[in-house]
Amino acid sequence: MNLHSFLLMRHELVLIAIMLIVLIAELATKDNRKSIIAPLALVLFGIHTVIGFLPMESGTLFGGMFNATPINNIMKNILNIGVLIILFQTQKTFDSELNRGKVSEYFIVLFSTLIGMFYMISAGDFLMFYIGLEIATIPLAALAAFNRHENKSAEAGIKLLLSSTLSSGILLYGLSMLYAANGSLFFTDLMHGTYTITSLHTLTLIFFFAGMAFKISLVPFHLWAADVYEGAPVNVTSYLSVISKGSAVFIFTVVLYTVFKNYAETWQPMMYIIAIFTMLVGNLFALRQNNLKRFLAFSSIAQAGFLLLGIIAGSAVGMATVIYYVLVYVFSNLAAFGVVSMIESHTGKTTISDLNGFYRTNPKLSLALMLALFSLAGIPPVAGFFGKFFLFTAVASVNTTPYHILLLIALLNTIISLYYYLMPVKAMFINKNESPIAYFKSDVFAKIGLSISLTGMVVVGFVSSIYEEILKFCFGL
Amino acid sequence: MDILSLFVVVPILTMVGILFTKGLKGTRTVAAVGMGVQLVMAFNLLYQYFAERAKDTVSEMLFRVDYLWFESFNIHYSVGVDGIAVAMILLTSIVVFAGIFSSWKTEDLPREFFIALLLLASGVFGFFISIDLFTMFLFYELAVIPMYLLIGLWGSGNKEYSAMKLTLMLMGGSALLILGLLGLYFNSAPDGGALTFNILEIAKVSIPHDVQMFFFPFLFVGFGVLGALFPFHTWSPDGHASAPTAVSMLHAGVLMKLGGYGCFRVAMYLLPDAAQEMGWLFLILTTVSIVYGAFGAIAQKDLKYINAYSSVSHCGMVIFALLMMNKTAMDGAILQMISHGLMTALFFALIGMIYGRTHTRNIYEMGGLMRIMPFISVAYVIAGLASLGLPGLSGFVAEMTIFVGSFQHQDVFHRVCTILACSAIVVTAVYILRVVGILLFGPVRNKEFETLPDAKWYEKVSMVTLIIAIVAIGVAPLWLSDMIRESLTPIVDKLTAAAIN
């Protein structure tokens, strides 16, 4: 190890340093000074995010197990931005009596999942991939159960733990078969190996696919999502639905485009069917939700279905649109969650019908939520429009009839989704209410978080160089 | 800043200006000033266009500006106008200007109302100046989505249902459009080369026949939904009936024209072979629109529903004439868009004024309004006469041109359609005169109405603006019709070439 290799792993190493600093701060501060820890973690993470954007070289470490490539770096930066916004939104949670004693735990657990995701994204080998995945998953259960004084939160933790263990088991089984079939776990070996595709190879693919589908909550592996999202504290829900899902989508795309490159004719039809069902089921269930968190949970299932449209295209454009859409989704969904968490922390209200007449008392927050929902629905001028349009372009680029049909189904799904995204808008702006949620002043951190999300939502759409920059490093099948 | 982009920038600046105002008075003043500037700019554009056209008779589009936006998709911000677009911009500025004055008394959330209205307007302007299909589509959606809040929040009656129905149906149309537009994009370079969203570039290539046949219905129906093509028109009566006055004006007057405009500028111009081959199917549908809309209007008692159905009939006439695919008929179609835009905006403005006074829109509950509010009533008669095609008003010019053009087809099918459509004019006369008779003449049915006031100054501004435009086109139509005719040449040439093949 020399300095050069440190620089290649800067995301991970800086994050570990931050974890240690937070831990030391916890030990070094007196009980009445603990409130400094959360802002400290925020500031440190802000520095970390900035460091991520500094130019860097690419290379490999550990004999090819760890890749530092420009596209990995972009993915990590996107996740960093998301986590930074979430940290802004989280600050107020630690004011409450029940959470005051476990501030540093929260950040250490959160950062360790992020490290796991980074290793997963950078993996050049399935062993590294699996270790990263586990580091990312198991602490998440602890986060979901963070409000342990609430039954629902504890239940969410257990549900997440059990279902992700199951999916990891399936995934691991697939990987073991992969090793049996190929004799190697390195991505490059698997990619360039010359072999005929046997049914064992196909089975490997199916197990891997199922395992990842759990993580991304694709239909029919989505059943855990709604309960966990509803039970977990709202900031953890946003972490799960944006960061955790985003990282899984990234690595899923990369693995399918490299390792399972030669199997494209097998996984594309699978994904075709699953994309249709994921969009449809997510949308149809979201129609009937009244709880805001469940509503966003099902909407995020449907959004994952739309993401598959980019992956299925199998081209560099497809990959770029997926990454771009995740970036858009990070900003939009976190803006929506930001407003939801503000409402919940100030008033305890959690349903769409509670929002009735919200615009008359809190116009700014209503507008923010409206823009976020419009972005999720894909309506201009916010970035969601560009994201969706490019995903559709990626599908249409295949230019054959089955893909046109897929596109048509996806388009019809956007109409269904528009209906339910308009529901909260209708509640806030149109519905009359004698006693709407009273005006409240939100804390400055949450406001900054929301402003970052909203700015991102506008900038990412109109500034074309962001997309071009992503595309530069993408590759196709 | 170029002369065309200003049409999008001024409404946006006006919106920003409104953010700094307080209360209804400041808001409406800023909005009126902004749209007054826009109106002046539109006339200036017209003047400049004639000057420029006299010098440059070759270019299809004038005032071209082009910036590269998304390089890898070859998406440009590309604007330019021909005579048709200039005419539509003029129409839009007039209607928006009149619309601002019709909403002079919006007490509930005035700032939000005017911002949403201006957002809609900027979408419409952006649509008409766009040459790039991507930005065109972006502006199209931008124009549609504020309708939801405008109807849902400031509307009347069953407004939540209507707002949702309208939004979902129009967005459904735009979903079909995306498929069609992407189909065009990926076939825009059949001989290799860069794919493009630019209308003028795509018009140069000949897209393979089977591709045309596949994508034409998506594009035509996608735009047709907004143009109230039967059977996709059902959002229109409900939407118009529930919308507040200015929104009905803008919607029927301008937004529905986006549908007709898109039908020929995108669907028929870029896919001419398919237009020739599948035109008959849509011709039947539009004939149904015309006749059904007219009979639908007879059956209604609610003033707004009457006008909404009459809009279905008149907008059907637009697409009907477009599908005749000769210069005269298509010229008539554009004239009909403008004429209908003006008179229907006038109608909705007047209905808003009457409803604001009597609080009913049922014609049988009113009567003898001519004695109570003569100004409004006379304006109503003028709008009615324009609608049924009286010479000297804009409706006559448009319909006459349409039917002269339509009769140029010799075959039985086109003849039958034309005669059926023609007969709808008689029905139009029936429902217009019936309303005028019941509403304006005869005894005053409700004694409480005796004391109602006549038009206020701001209402007069709104009415007079529209009436002047209607009469001007009716009396001196040739400058307009020649400007349109000239710009139709490349489109009709392409369609004719396709017919010979």
For the stretch A:125-240, diffusion coefficient by Stokes-Einstein and Kirkwood Rh (Cα), 4 °C, 1.567 mPa s, µm²/s: 85
Magnitude of the charge dipole, chain B, Cβ model with Lys/Arg +1 and Asp/Glu -1, debye to 20: 1540
Probe 1.4 Å - accessible area at residue A:177, Å² to nearest ten: 20
Within the stretch A:1-252: Cβ-based charge dipole about Cα centre, in debye rounded to nearest 20 (Lys, Arg +1; Asp, Glu -1): 340
Residue B:209 accessible area, 1.4 Å probe, all protein chains in place, Å² to nearest 10: 90
Heavy-atom SASA rank of B:58, B:266, B:205 (probe 1.4 Å, accessible area, largest first): B:58, B:205, B:266
Equivalent-ellipsoid semi-axes of the protein assembly as shown, from the Cα gyration tensor, Å, largest first: 55, 33, 23
Distant-in-sequence amide H partners of residue B:62 (H built 1.01 Å from N, under 5 Å): B:81, B:82
Dipole-positive endmost among A:358, A:177, A:320 within the protein assembly as shown (Cβ charges, Cα centre): A:358
Total charge dipole magnitude, the stretch A:343-477, about the Cα centre, Cβ charges on Lys, Arg, Asp, Glu only, Debye to nearest 20: 260
Cα-projected label distance for residue A:475 with residue B:500, points at 7 Å along beta-carbon direction, nm: 5.3
For the stretch A:253-327, diffusion coefficient by Stokes-Einstein and Kirkwood Rh (Cα), 20 °C, 1.002 mPa s, µm²/s: 164
Whole-Hz couplings from phi, Karplus 6.51/-1.76/1.60, listed for the stretch B:220-233; x for Gly and Pro: 5, 5, x, 6, x, 4, 6, x, 6, 6, 4, x, 9, 8
The stretch A:384-477: C-alpha gyration tensor shape, a/c 1.5 cut-off, then a/b vs b/c: oblate
J(HN,Hα) series, the stretch B:396-411, from Karplus relation 6.51 cos²θ - 1.76 cosθ + 1.60, nearest Hz, glycine and proline x: 4, 3, 5, 5, 4, 4, 4, 6, 4, x, 5, 6, 5, 6, 8, 6
Selection from A:140, A:44, A:74, by position along the positive dipole direction of the stretch A:1-252 (Cβ): A:44
Computed lengthening from residue A:438 to residue A:277, 0.36 nm per intervening residue step minus Cα-Cα distance: 53.9 nm
Amide H contacts of residue B:75 (H built 1.01 Å from N, under 5 Å, at least 5 apart or other chain): B:69, B:70
Geometric extent, Cα atoms of the stretch A:267-376 - Rg, Dmax (angstrom): 15.9, 50
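Of all accessible surface on the stretch A:28-121 at a 1.4 Å probe, what whole percent is carbon and sulfur?
Answer for the stretch A:28-121: carbon and sulfur cover 64 percent of the accessible area.
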Rounded to whole Hz, the Karplus (6.51, -1.76, 1.60) HN-Hα couplings of the stretch B:78-90, x for glycine and proline: 10, 10, x, 9, 10, x, 5, 5, 4, 4, 5, 5, 4
Exposed GluC sites (Glu not before Pro) absent: longest stretch of chain A, with sites in DSSP loops and at most 15 other Cβ within 10 Å deemed exposed: A:151-433
Cα-based helix-to-principal-axis angle, B:478-500 vs chain B, degrees rounded to 10: 40
Label-point gap, in nm, between residue A:150 and residue A:36 - each point 7 angstrom along Cα→Cβ: 3.1
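Which number comes out as Rg/Rh for the stretch B:6-496 once both Rg and the Kirkwood Rh are worked out on C-alpha atoms? Intermediate results must be reported in sequence, preceding the final value.
Details: Rg = 21.5 Å, Rh = 22.4 Å.
The Rg/Rh ratio comes out at 0.96.
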Long pairs among A:76/A:293; A:152/A:388; B:25/B:460; B:327/B:460, criterion Cα-Cα beyond 28 Å: A:152/A:388; B:327/B:460
Protein heavy-atom accessible area occluded, B/A pair - total, 1.4 Å probe, Å²: 3500
Separation between Cα centres of the stretch B:227-305 and the stretch A:97-126, rounded to whole Å: 56
Pairwise centroid distance, computed over Cα atoms, of the stretch A:33-92 with the stretch B:27-55, Å: 51
Unit Cα scatterers, Debye sum, the stretch B:1-65: log10 I(q)/I(0) for q = 0.22 Å⁻¹: -0.88
Pairwise FRET efficiency - residue A:77 versus residue A:6, Cβ, R0 = 25 Å, nearest 0.05: 0.85
Heavy-atom accessible area order for A:104, A:353, largest first, 1.4 Å probe: A:353, A:104
Crossing angle, helix B:457-475 versus chain B [Cα axis fit, 0-90 degrees, rounded to tens]: 50
Ellipticity estimate at 222 nm from DSSP helix runs (n ≥ 4, -39,500 (n - 2.57)) divided over chain B, nearest 500: -24000 deg cm²/dmol
Chain A shape via C-alpha gyration tensor axes, a/c threshold 1.5: oblate
Solvent exposure ordering (accessible area, 1.4 Å, most first) of A:369, A:200, A:127: A:127, A:200, A:369
Rounded if a/c under 1.5, otherwise prolate or oblate - the stretch A:51-138, Cα gyration tensor axes: oblate
Intensity falloff of the stretch A:260-477 expressed as log10 I(q)/I(0), Debye formula with alpha-carbon point scatterers, at q = 0.12, 0.17, 0.19 Å⁻¹: -0.64, -1.12, -1.32
Cβ-based charge dipole, the stretch B:6-496, positive-most Cα from B:73, B:168, B:83: B:168
Span-like helix ranges in chain A, DSSP H, alpha carbon extent 24 angstrom or more, Kyte mean at least 1.0: A:10-28, A:37-53, A:70-90, A:103-122, A:126-144, A:199-216, A:264-287, A:292-313, A:316-347, A:401-429, A:444-462
Amide H contacts of residue A:66 (H built 1.01 Å from N, under 5 Å, at least 5 apart or other chain): A:61, A:124
Extended-chain gain in nm, criterion 0.36 nm per residue less alpha-carbon gap, residue A:102 and residue A:198: 29.4 nm
Percentage, to the nearest whole number, of Cα pairs in the stretch B:33-172 over 28 Å apart: 29
Rounded tilt (10° steps) of B:303-324 against the dominant C-alpha axis of chain B: 20
Calculated P(r) of the stretch A:1-252 - Cα pairs past 34 Å, %: 20
The stretch B:85-105 versus the stretch A:307-336: alpha-carbon centroid distance in Å: 40
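The values are calculated or read from the model by the stated rules, or taken from the named source; none is laboratory data. Worth saying up front: this structure is predicted, and the values here are computed from it rather than measured. Glycine gets a Cβ as well: all are built from the backbone with ideal geometry, and neighbour counts include every protein chain shown. Protein only, heavy atoms only, side chains kept; ligands, DNA and RNA dropped before computing areas. Shrake-Rupley method; radii C 1.70, N 1.55, O 1.52, S 1.80 Å.
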